Amino acid sequence: MGNINQAKIGRYIKQKEGYKTFTPFAFPPKGGFKISPRLYKKHEEAIRLVGKLDGITRLLPDKDFFLLMFIKKDAAYSSQIEGTKATLQDAVAAPVTEEKARLHPDVDDIVHYVDAVNYGIQRAKTLPISLRFIKELHERLIKGARSTHHAYPGEFRRSQNWIGGRSPEDASFVPPAPHDMNVALGDLEKFVHADDDFPSLVKAGLLHAQFETIHPFADGNGRTGRMLIAMYIHHAQLLELPVLYLSSYFKKYQKLYYQKLQGYHDEDAHIDGWLQFFLEGVAEIANASIETCTKITALRDRDFEKMQKLGKKSAASTLEIIRKLYGQPIVGVAEIAKWTGFSPQGAYNVIERLEKLKILEPLGDAAYGQKYIYADYYEIFDDTFRATKAHRK
């Protein structure tokens, strides 16, 4: 069997301004991609784990609450790839009432990302993945974000952009000129819905790499392109619940991520190398997500058992609060009051009850506006918190 590297994605063409832009050929290439046996094997393993993850998430109770943490984790890592310094803990703490008025721009970017993913999941129910869908996703990501300038939310660029360097002349990569960009976007939209023989996860990998090659927005291409992976996997009905997000994998191997994308859109394209890296990521993250779901279920069983010791009325109200903590595991008195309708003192009494049950614990030692964290749940998603918690002990 031939090798996928025989296919060419595009070539550099000199523009009247003097610099060269990478101009995609018709996509997918007319000769098609010939996928190597090794790549098929990697796809088999990745699709097996995605299927296993789908089975586990279908059995999860309170799945919509759990989904929020998967999205927040992806938002934090995807934003960090772009240079954001905010952490997952910053992202999770952001909705806490006392924090809203003074969000750091880095955290604000993450909040917009979470909003965009949530919007995309709902919008995909009525609008298929299309150029319109991508523009709407981008608009939610960028509009009103404090650290984004001249990004034209929801609009494809009308001028040249580039990656690295001070100008297109010394850039590490120059995406297609606007006219060629629009042609390439049309091909990409058709590719999403084409009835072809591509293995579904290979198609997801090609979709991301081709989108990053086209780079159709003035800003936010990386984050939008990473959202599209999860949206496409959900669209392809591989996962009922969209819990597979690759940003933590791309952040872990960030240098390699950029190298593999660069290799994909070289004139001498190394498509196979990118797809191997991508499928290894799908397998790694699917496996990690399976483990996360297993831990969530065990913790949920443990904490529900604790509540059996409470009176019937207290147990019912406490259960409802814990369900909300799955989506928002860092809270203050104001959040509990909002959820329950209790007075501030009543909300504080609830927090004390949850502390006695060893479900909530104080986060830091603030004199005012104390926050509390569902630590055993939160640390399932955040390895760094687990490490610092062990260090504190």
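Tell me, which residue of the stretch 74-114 that is of a type in the set (Val, Ile, Thr) and at pLDDT below 85 is farthest from the chain's Cα centre (by Cα)? So, considering only residues that are of a type in the set (Val, Ile, Thr) and at pLDDT below 85, the one farthest from the chain's Cα centre (by Cα) is Thr97. Looking across Ala46, Ala26, Ala91, one residue alone is out of contact with any Phe, Trp or Tyr (no Cβ under 8 Å at 6 or more places or on another chain) and closer than 16 Å to Tyr378 by Cα. It is Ala91. Candidates are the residues of the stretch 148-179 that are among the charged types (D, E, K, R) and assigned to a loop (DSSP other than H, G, I, E, B); the one that is farthest from Gly83 (Cα to Cα) is Arg158. Yes or no: Gly186 part of a helix (DSSP H, G or I), buried (at least 21 other Cβ atoms within 10 Å of the Cβ) and assigned by TED's automatic domain parsing to the domain that holds Leu275? No, not satisfied.
If you go through the stretch 186-245 and pick out every residue that is among the small types (Gly, Ala, Ser) and under 16 Å from the mean Cα position of the chain (by Cα), you end up with 7. Look at Lys85 and say whether it is part of a loop (DSSP other than H, G, I, E, B) and not small (Gly, Ala, Ser). Yes. Within the stretch 73-98, residues that are within 18 Å of Met227 (Cβ to Cβ) sit with their Cβ atoms under 6 Å from residues that are aromatic (Phe, Trp, Tyr) and not in a helix (DSSP H, G or I), at 6+ positions apart or across chains, in these pairs: Asp74/Tyr245. In the stretch 365-383, which residues are surrounded by fewer than 13 Cβ atoms within 10 Å (Cβ to Cβ) and assigned to a helix (DSSP H, G or I)? Matches in the stretch 365-383: Asp383 only. When we screen Ile129, Ile110, Ile121 for residues that are of a type in the set (Val, Ile, Thr) and not in a helix (DSSP H, G or I), the only hit is Ile129. Checked across the stretch 223-241, the condition of being modelled with pLDDT of 95 or more, more than 19 Å from Arg132 (Cα to Cα) and in a helix (DSSP H, G or I) holds for no residue.
Within the stretch 199-208, can one find any residue that is assigned by TED's automatic domain parsing to the domain that holds Ser130, more than 29 Å from Ala76 (Cα to Cα) and either part of a loop (DSSP other than H, G, I, E, B) or at pLDDT 95 or above (or both)? Yes: one or more hits. You will find that of Tyr348, Tyr377, Tyr372, the residue that is under 19 Å from Glu320 (Cβ atoms) and either polar (S, T, N, Q) or in contact (Cβ under 8 Å) with a residue 60 or more places away in the chain (or both) is Tyr377 and no other. Residue-level analysis places Ile271 outside the set of residues that are out of contact with any Cys (no Cβ under 8 Å at 6 or more places or on another chain), among the aliphatic types (A, V, I, L, M) and within 30 Å of Tyr377 (Cα to Cα).
The values are calculated or read from the model by the stated rules, or taken from the named source; none is laboratory data. Keep in mind that this is a model prediction, so the values were computed, not measured. Ideal geometry is used to build each Cβ from the backbone, glycine not excepted, and the neighbour counts take in all protein chains shown.
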